[in-house]
Amino acid sequence: MCSLYSVIRSTITLLFLYIRRFYLSSRRLCLMIFIGQVHIIASDHDDSDEEYAANAQPPKITSLPNTSRLDKSEISLATKQACGLREDSGKKNVSIASMIQKRALGSGFSIGEKCRISSNFLPNKSRQVAKYNSKAFCGSYSKDGRFFLTASQDKFLRLYHTDDGEFVEFKKISARDVGWSILDTAFSPDGNYIVYSSWSECLYLCPVYGDSNAQESLSLCPEDRRFCIFSLVFSSDGREILGGANDGFLYVYDRECHQRAFRIEGHDDDVNTVAFADNTSQILYSAGDDGLCKVWDRRTLSETDPHPVGVLAGHMDGITYIDPRGDGRYLVTNSKDQTIKLWDVRAFSDQNGEQNTRKAVANQNWDYRWQRVPRRLYKAKNMLEGDTSIMTYRGHSVLQTLIRCHFSPSATTGQRYIYTGCASGRVIIYDVLTGQIVNTLVGHKGCVRDVSWHPFHQEIVSTSWDGAIISWRYSGKTGLYHYESEDESDTETPPRTLRRSQRIAAQRAKHAAAC
């Protein structure tokens, strides 16, 4: 009898353990589905008619970019002037040596000439400045370049002093209420505060100096329980914080009133990115998974009747990032259709262009987070009807996460370049004027999500899902250099000798011997 009782008790105990294990596994599975790590595919799903490109690898560009619209635009002239290409416009192949000689005979270099010279020394050599044990999501310089801020999936923000080109960690902040990861960060205009977002209904404000535990929660009071801010930015006076959320709304938080100022219905899907057009903070940009970039006037925002002042349409899939040029006229957008587009906000798309973009996005049946790129996106050569962009840049891959792109700094490059992260672990630098790739930096083993160019130095810092933070600087090569591998980064190429020089030297030696 006792033996039977023991068997029953053991059986019940094992059954309880199995039920408990099943319950915990179910909860874990639900969480993974919730955050997008696991995807459910219907039994009738059939992708046999869909072709996919190689995972994460950027496309091979076989044709020259079409610059017909760009060549007629004002930004072409403005960029040439800013980077010194129109000075000495009647002369070809003006060397750096001749520019230095001219300077010795007359006045100093103009700003354009300085940018023109520095463009010959783009970053090409890697130096790892930090390594984390988890995915790094964000990395950006402060406005003055004195600090560098990173955020990673280990729920920490790290601040570095960057004086004299060295990265010295001086503060490690434990983020609060983090779901999945810290998604975005921003410096306040005065450089005294940082703000970050995650899968939470609150933003968190931290002082750069002082106690890192003194974090202020900024509640946005969303209606959805599953809520996050994908992108955030301070206004130029630091009073307001603009955010784009997964519920399709734009949020504006007023720091002086300590409350949400606006909640604007902006898009039909996730709002992946927001930005202010310039330092006036009156014109806002937003874009998301509906493939549309919308332009808003802060002075006419209304929660009850939200209407953008214009729409920029032309992408074939969702937009991951916006970077304004800062002049209130031009901006670039990065997209899951594997392109970057350059826009003039004075040329809005009409209703036809907007509808064509909505239709193209609706026809996409792949998920960039875990599937490979459909070949039809790489093969797309023609612009959508109604596309008002003035230039399209191809050659990088946008997969797995919201990869970011930026204009290069005006102080050192005249904003001549657009640089972006890449799912293949690279940093790609495009020439704004030609659309061609002028430099490819290879060194990461995972997706490069964020990139930041120092505002006053020729240095790019890349932030990757491999946990590495890499600084790229110019090292000893003349002209533009295509960086191939991390193994080559610490080796120097022997000086190249011209065949003609060798032949002349041999002839002179022969003549000397005959004499």
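Checked against the criteria, Ser389 counts as closer than 25 Å to Thr62 by Cα, in contact with a helix residue (DSSP H, G or I) (Cβ under 9 Å, 6 or more places away or on another chain) and small (Gly, Ala, Ser).
Annotation: Ser281 fulfils all but one of (1) modelled with pLDDT of 95 or more; (2) open to solvent by less than 20 Å² (accessible area, probe 1.4 Å); (3) not in a strand (DSSP E or B); the unmet one is (1). The set of residues in segment 306-323 that are touching a residue at least 12 places away in the same chain (Cβ under 8 Å) and either open to solvent by 30 Å² or more (accessible area, probe 1.4 Å) or touching a Pro at 6+ places or on another chain (Cβ under 7 Å) (or both) comprises Pro306, Pro308, Val309, Met316, Tyr321. Screening Thr79 against (1) modelled with pLDDT of 95 or more; (2) open to solvent by 40 Å² or more (accessible area, probe 1.4 Å) leaves a single unmet condition, (2). Between Asp211, Asp254, the distinction of being of a type outside the set (Gly, Ala, Ser), modelled with pLDDT under 95 and surrounded by fewer than 20 Cβ atoms within 10 Å (Cβ to Cβ) belongs to Asp211 only. Out of the residues in segment 369-392 that are over 27 Å from Phe348 (Cβ atoms) and part of a loop (DSSP other than H, G, I, E, B), which is least open to solvent (accessible area, probe 1.4 Å)? Applying the filter and picking the extreme gives Val373.
Of the residues that sit in segment 371-402 and are among the charged types (D, E, K, R) and under 22 Å from the mean Cα position of the chain (by Cα), which one is modelled with the highest pLDDT? The residue in question is Arg394.
When segment 409-426 is filtered for residues that are over 14 Å from Pro123 (Cα atoms) and not small (Gly, Ala, Ser), the ones remaining, listed by number, are Gln415, Arg416, Cys422. If the condition is being of a type outside the set (D, E, K, R) and farther than 20 Å from Arg404 by Cβ, then segment 256-294 contributes Cys257, His258, Gln259, Ala261, Phe262, Ile264, Asn279, Thr280, Ser281, Gln282, Ile283. Against the numbered list (1) basic (Lys, Arg); (2) touching a residue at least 60 places away in the same chain (Cβ under 8 Å); (3) out of contact with any Phe, Trp or Tyr (no Cβ under 8 Å at 6 or more places or on another chain), Lys336 comes up short only at (3). The single condition among (1) closer than 16 Å to His267 by Cα; (2) in contact with a helix residue (DSSP H, G or I) (Cβ under 7 Å, 6 or more places away or on another chain) that Thr413 does not satisfy is (1).
Yes or no: Gly326 in a loop (DSSP other than H, G, I, E, B), closer than 16 Å to Lys381 by Cα and small (Gly, Ala, Ser)? Considered against the rule, which asks whether it is in a loop (DSSP other than H, G, I, E, B), closer than 16 Å to Lys381 by Cα and small (Gly, Ala, Ser), Gly326 comes out as no. Filtered by the rule that a residue be buried (at least 23 other Cβ atoms within 10 Å of the Cβ) and under 19 Å from Thr62 (Cβ atoms), segment 395-425 gives His396, Ser397, Cys422.
For beta carbons closer than 6 Å, sequence separation of 6+ or different chains, a first residue in segment 427-438 that is free of Cβ contacts under 8 Å to residues at least 60 places away in the same chain and a second that is polar (S, T, N, Q) and open to solvent by less than 10 Å² (accessible area, probe 1.4 Å), the qualifying pairs are Val427/Ser462.
The values are calculated or read from the model by the stated rules, or taken from the named source; none is laboratory data. Worth saying up front: this structure is predicted, and the values here are computed from it rather than measured. Using ideal geometry, Cβ is built from the backbone for each residue, glycine included, and neighbour counts are taken over all protein chains shown. All accessible areas refer to the heavy atoms of the entire protein, side chains included, with ligands and DNA or RNA removed. Shrake-Rupley method; radii C 1.70, N 1.55, O 1.52, S 1.80 Å.
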